Amino acid sequence: EAPLSGDDYMSESIVIRVADLVGGPRAVDAADGEKVFEKVLPVIQGGRKVQLSFDGITMVITAFLNTAIGKLYGVLPEQQVDEMLEVRDLLPPFLPSLGKSIEWSKAYYRDPKRLRKAIMEEMGDEE
């Protein structure tokens, strides 16, 4: 088999396993989310796709997803994240959390002030 040329190499996607980074089956800590974020970001910035595998993860919370994935929308153009990041092997019960996290993150980074105000209003806080 011929060695990969530069272009083929660039189009190869990299698999990043969440379980390896968090050291177990639970993705429940924002600090662990930060580890994932720091691993994923440079790969996408380097022009390569990331397959983020949740294989072996049995518990995921939104705080983790907001940091691991949501933060990418604060650094990179939305379209780039959508095209370059593929989440796989996430257990079906957590898919709604992922969808919500991405939706909120996009909205937040588009307009942080307005969203903060909406959250305050939703929580009934009088500022």
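The values are calculated or read from the model by the stated rules, or taken from the named source; none is laboratory data. Fair warning: this is a prediction, and the values are worked out from it, not measured in the lab. In case anyone asks, the SASA skips ligands and DNA or RNA and just uses the protein heavy atoms, side chains included. Shrake-Rupley method; radii C 1.70, N 1.55, O 1.52, S 1.80 Å.
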Rounded to whole Hz, the Karplus (6.51, -1.76, 1.60) HN-Hα couplings of the range 81-96, x for glycine and proline
5, 4, 7, 9, 10, 10, 8, 9, 6, 7, 4, x, x, 9, 4, x
Quick shape check on the range 79-118: root eigenvalues a ≥ b ≥ c of the Cα gyration tensor, a/c under 1.5 is rounded, otherwise prolate if a/b tops b/c, else oblate, and it reads oblate
Send over the semi-axes of the chain's equivalent ellipsoid, whole angstrom and largest first, taken as the square roots of 5 times the C-alpha gyration tensor eigenvalues.
29, 18, 11
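If a/c stays under 1.5 just call it rounded; otherwise compare a/b with b/c (prolate if a/b is bigger, oblate if not). Do that for the range 11-73, with a ≥ b ≥ c from the square roots of the Cα gyration tensor eigenvalues. Let's see the in-between values first.
Details: a/c = 2.33, a/b = 1.46, b/c = 1.60.
Since a/c reaches 1.5 but b/c is at least a/b, the shape of the range 11-73 is classed as oblate.
Quick one: of 39/71; 39/113; 49/100; 49/71; 71/113; 49/113, which pairs are farther than 20 Å apart, Cα to Cα? Kindly include the intermediate steps, with their values, before the conclusion.
Values: 39/71 12 Å; 39/113 28 Å; 49/100 22 Å; 49/71 17 Å; 71/113 16 Å; 49/113 31 Å.
From 39/71; 39/113; 49/100; 49/71; 71/113; 49/113, over 20 Å: 39/113; 49/100; 49/113.
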Taking the Cα atoms of the range 48-97, report the difference between the largest and smallest coordinate on each principal axis, in whole Å and largest first.
30, 21, 15
Can you give me the angle between helix 112-123 and the longest principal axis of the chain, using Cα atoms only, in degrees from 0 to 90, rounded to the nearest 10?
50
What residue among 46, 99, 24 has the largest mean-square fluctuation in a Gaussian network model of the chain, using Cα springs under 10 Å?
46
Tell me which residues come under 5 Å, amide H to amide H, from residue 89 once H is placed; ignore anything under 5 positions away on its chain.
54
By how many degrees, 0 to 90 and rounded to 10, does the Cα axis of helix 30-45 deviate from the longest principal axis of the chain?
50
Ranked by accessible surface with a 1.4 Å probe, highest first, in what order do 123, 84, 59 come?
123, 59, 84
Sequence-distant or interchain residues sharing an amide H contact under 5 Å with residue 15, placed H: which?
51
May I ask you to compute the full-extension gain from residue 14 to residue 80, defined as 0.36 nm times their residue separation minus their alpha-carbon distance, rounded to one decimal in nm?
22.2 nm
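Kindly sort 116, 88 by accessible area of their heavy atoms, largest first, with the probe set to 1.4 Å.
Largest to smallest exposure gives the sequence 116, 88.
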Hz values of 3J(HN,Hα) by residue in the range 72-79 - Karplus curve (6.51, -1.76, 1.60), Gly and Pro given as x
4, 6, x, 10, 10, x, 3, 4
